[in-house]
Structures are given as structure tokens and as C-alpha cells.
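Chemist: Before I ask anything, here is the structure I am working with.
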């Protein structure tokens with residue numbers, strides 16, 4: 001009895017020890033998870049793919065309760081819509097986001113400057129730069145009218161003012177005085193004009209520029225950074241090196257490498273959406289989250305021209321498959337292309353009115369092959385398709401090349417009329433193989449029969465039925481097929497009629 005009691009006690013103690021060890025292991029695992037940082041890398045232009053990558057990285061950091069997210073940035077700029085999407089995800093993140101311009105020689109130009117200003121912590125490595133935040137159209141050098149105004153240098157004194165002729169000298173002196181006064185006024189005017197900030201040449205340019213200025217000033221004021229230089233970067237396209245940015249309170253830290261950055265961040269207080277937070281980065285484990293296949297694929301297919309072509313291939317592949325069931329290849333290729341196009345469109349700002357116009361134009365061009373509209377449907381389809389293609393994207397920086405749009409519209413219109421017309425003509429032809437081919441064939445009866453007998457048709461002996469008497473050797477015509485039995489009728493009346501007429 002005592003032995004059993006001792007065994008029970010030992011068992012209870014053993015279970016307690018196991019539970020304690022499990023609890024410690026779980027606590028250690030949770031502590032390790034909380035002491036992690038996520039490292040994201042954006043190297044290249046800011047676009048829908050990089051926007052999706054940063055969003056998923058921040059969400060992963062929130063799910064893992066990470067200490068912070070380090071966004072290692074090297075970009076020449078990119079799309080305004082993608083940049084704003086990244087900034088929205090940073091600003092509402094529950095995990096501090098540290099944007100770090102790295103390695104040496106990297107830059108945070110244009111859209112990168114806005115991302116740096118939107119981050120909870122902004123840092124750069126030596127030999128990097130930021131700035132050139134003036135909004136421009138894709139493929140353009142800048143907003144029209146944004147060039148510095150030309151300055152007229154004031155002319156010096158007229159060399160002819162010193163003349164031996166008194167009257168002419170006085171006149172020349174008067175003219176020279178007027179010229180100098182005019183030059184002085186012009187110089188003062190140019191100086192005043194140079195002191196004024198650039199505002200664009202027309203209403204649209206001013207709207208874009210002032211919107212960008214207000215946006216970046218708002219980001220700067222949120223984190224008490226240099227808002228005046230931010231405005232200068234937008235209006236004048238100014239740039240700063242890492243050291244100069246630190247001195248002018250544009251960034252928070254200059255760090256030689258990631259370890260140096262983490263060391264400087266330890267104990268720093270950052271402003272979050274729900275209040276201030278103190279960072280604990282000493283001994284922090286950094287987990288890299290490199291761009292995966294999804295991001296790399298999106299980087300290719302989110303090119304407006306590529307996404308546009310994929311969508312066209314997909315839609316017309318499905319149309320050709322439905323017009324000629326069993327072709328297989330158009331359906332397979334079209335389905336794959338359409339899925340890839342939808343995969344790209346989910347992260348791109350699509351204008352649904354443009355998409356609807358494109359689909360309507362395709363329907364019109366297809367209908368032209370079957371409806372005698374004398375070209376009205378075809379021309380209307382090309383117009384609708386072209387307009388829809390031009391306004392397909394909501395972001396003005398996302399534009400499909402106009403030659404591609406026009407060339408595609410004309411080619412698809414002609415191709416649709418020809419191909420679909422051919423397909424429907426083929427469907428209207430009599431089958432050349434199978435049972436249906438035998439309908440109407442002429443054969444020969446092998447025996448006399450009134451209801452059932454055998455006939456020779458298509459080099460084969462068939463069982464046949466008839467509603468009229470048939471004699472052996474008499475020609476018969478196939479009228480129907482039921483399984484392996486033919487329905488036939490005699491053709492003697494045509495022969496007899498011909499003989500009687502003779």
C-alpha cells in the first residue's frame with residue numbers, strides 16, 4: 001500500500017514537472033516571437049507589386065507581434081497610387097515601421113521621399129540621398145512650366161554715354177539712366193519672382209503640385225520633421241545627402257549597417273497611432289521576408305501594357321472557344337491569360353467604366369460578323385474599345401501605349417469578323433464523318449422486303465426498315481439512323497418517271 005502511495009506521489013510530481021517545462025517552453029517561444037523584427041526589401045520602382053508586398057509584410061508582422069518592421073529602401077520613385085497605399089499601411093500599422101535607405105549608393109527619390117516621411121522612424125546609410133519629390137507624369141521629365149524662370153542680367157552702362165557731343169551726351173545719359181532704372185526694376189522683379197514658390201503653369205499643374213505639397217507637409221508635421229524642406233523637395237526637386245538630412249531634421253538616424261541601426265533604435269520612443277511606444281531592439285532577431293514568386297510575378301504583369309494584352313488574350317480565347325466548342329486551345333490559353341490578368345487587376349486601380357466600354361466594344365465587333373449592320377457595329381465597337389482602353393486605369397500615371405491600343409483595336413476588329421465568320425460557316429456545313437454523314441446516301445437493297453431487310457450502303461451491309469416495298473437490287477436512300485439500323489426509302493419513282501418521259 002505504501003509503495004503504491006509513493007508511486008502515485010512520484011507520478012503527480014512528474015506530471016507537475018512536465019507541465020511546468022511545457023509552460024516554460026511555451027513562454028520562451030512566445031517571448032522569442034515577440035522579440036523578432038521583420039525585414040522587407042524594396043529595390044526598384046514603386047508599383048502595385050511593391051505596394052502589395054509591403055502590405056503583406058506589415059500584416060505578417062502584426063500577426064507575429066513583431067517588435068518592428070524594417071523597410072530597406074532603394075527606389076528612383078514610382079506610382080503615386082502605390083506610394084499612397086504603402087503610406088496608408090505604414091500609418092495605420094500597429095507595429096513600428098523603420099524605413100532605412102540602404103546600402104551605400106541607394107536613394108529614396110520621388111515616391112521614396114514620401115515613404116520616408118510617412119515612416120515612424122526614418123534612417124539612412126552614408127552615401128545615400130533623398131529628394132526630387134516633384135510629381136511628374138510617367139515618361140515625362142516634369143510638369144510643364146516647372147522650369148526655373150529665365151533671368152535677364154542687368155546691362156552695364158552704355159559705353160557710348162561718354163561722348164564729346166554735349167547734347168547727344170545728355171540724351172544718351174538720359175537714355176542710359178532710363179535703361180538702368182528699367183534694368184533695376186526687372187532685376188528686382190526677377191528676384192521677387194525667384195523668391196516665390198513654384199506653383200505650376202496652369203490649373204491642373206497647380207492642383208497636382210499643391211496636393212503633393214500638402215500631403216508631404218502633413219506627413220512631416222505628424223512626426224515633427226522638417227516640413228519646409230519637404231515642401232522645397234516637392235516644388236524645387238531639392239535633394240539631400242544622409243548627413244545633411246540628419247542635420248536638417250529630415251531623418252532620425254544615420255547608420256552604417258542594420259546592426260548599427262538597431263543599436264541606435266534601442267530605447268527610442270516613437271509616435272504610433274495609439275500613442276507613444278519605446279523600442280527594445282537590443283538582441284532583436286531579424287527575420288527576412290524577401291519578395292516571393294507572387295511579388296515577382298506581379299512586378300511583371302502589373303505593367304499596364306502586359307496586363308492589357310493578357311486581358312485581351314483571355315477574353316478572346318474564351319469567345320473563340322464558345323463559338324467553336326471543342327477547339328480546346330483557345331479556351332485553355334484564354335483561361336490562363338484571363339486569370340493572370342485578374343491577378344494583376346486586383347492590385348491595380350481599374351476604372352470599371354473603361355472596362356465596360358472595352359467589353360461592349362468587343363461584343364460589337366463580334367456581332368459585326370453575323371448582323372448586317374454595314375459596318376456600324378464594327379466601327380462603334382472599335383471606338384468603344386479604344387476609348388475604354390485609354391481610360392482603363394484610374395491612375396493618370398498608368399497608361400497603355402496609344403499605338404498599342406489603336407493597333408490592337410483595328411487588328412482585333414478585322415480578326416474577329418474573319419475568324420468568327422469562318423467558324424460559324426464551318427458549323428453550318430454538313431458533317432463529313434460519322435453517322436450523320438450517311439443521311440441522304442444512296443445504297444442498294446440485297447433482298448426483297450416490305451418492312452425489314454438488308455441493304456448495302458457505304459461499302460457495308462446494314463439492317464434496314466422501310467414503309468414501302470423494296471425489291472432486291474433496287475436503289476434506296478437513307479433517311480435516318482437509329483442505332484445500327486437504317487431507315488430507307490426506294491428511289492424507283494425517279495427512275496420510272498425518267499423512263500416514262502422518254
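The values are calculated or read from the model by the stated rules, or taken from the named source; none is laboratory data. In this text, all values refer to a predicted model and were calculated from it rather than measured experimentally. FYI the Cβ positions are ideal-geometry reconstructions off the backbone, even for glycines, and counts take in every protein chain you see.
Chemist: Pairs only if they're at least six apart or on different chains, beta carbon under 7 angstrom, first in segment 401-419 and on the phi > 0 side of the Ramachandran plot, second modelled with pLDDT under 70; list them, first residue then second.
Modeler: none
Chemist: Here are 134, 32, 128, 75: which of them is modelled with pLDDT of 95 or more and more than 25 Å from residue 276 (Cβ to Cβ)? Talk me through it step by step, then tell me what you get.
Modeler: Values: 134 fails: modelled with pLDDT of 95 or more; 32 fails: modelled with pLDDT of 95 or more; 75 fails: modelled with pLDDT of 95 or more.
Only one candidate passes the filter, namely 128.
Chemist: With a cut-off of at least 3 residues that are in contact (Cβ under 8 Å) with a residue 60 or more places away in the chain and surrounded by fewer than 19 Cβ atoms within 10 Å (Cβ to Cβ), name the strands (runs of 3 or more DSSP E) lying wholly within segment 248-343. Lay out the reasoning, then the answer.
Modeler: Numbers: elements: 269-272, 275-278, 285-288.
Qualifying strands (runs of 3 or more DSSP E): 269-272, 285-288.
Chemist: What number of residues in segment 81-92 are touching a residue at least 60 places away in the same chain (Cβ under 8 Å) and in contact with a helix residue (DSSP H, G or I) (Cβ under 7 Å, 6 or more places away or on another chain)?
Modeler: Counting residues in segment 81-92 that are touching a residue at least 60 places away in the same chain (Cβ under 8 Å) and in contact with a helix residue (DSSP H, G or I) (Cβ under 7 Å, 6 or more places away or on another chain) gives 2.
Chemist: Okay, moving on. Suppose the filter is over 33 Å from the mean Cα position of the chain (by Cα), assigned by TED's automatic domain parsing to the domain that holds residue 91 and in a helix (DSSP H, G or I); does residue 224 pass it?
Modeler: Numbers: over 33 Å from the mean Cα position of the chain (by Cα): yes; assigned by TED's automatic domain parsing to the domain that holds residue 91: yes; in a helix (DSSP H, G or I): no.
Answer is no for this residue.
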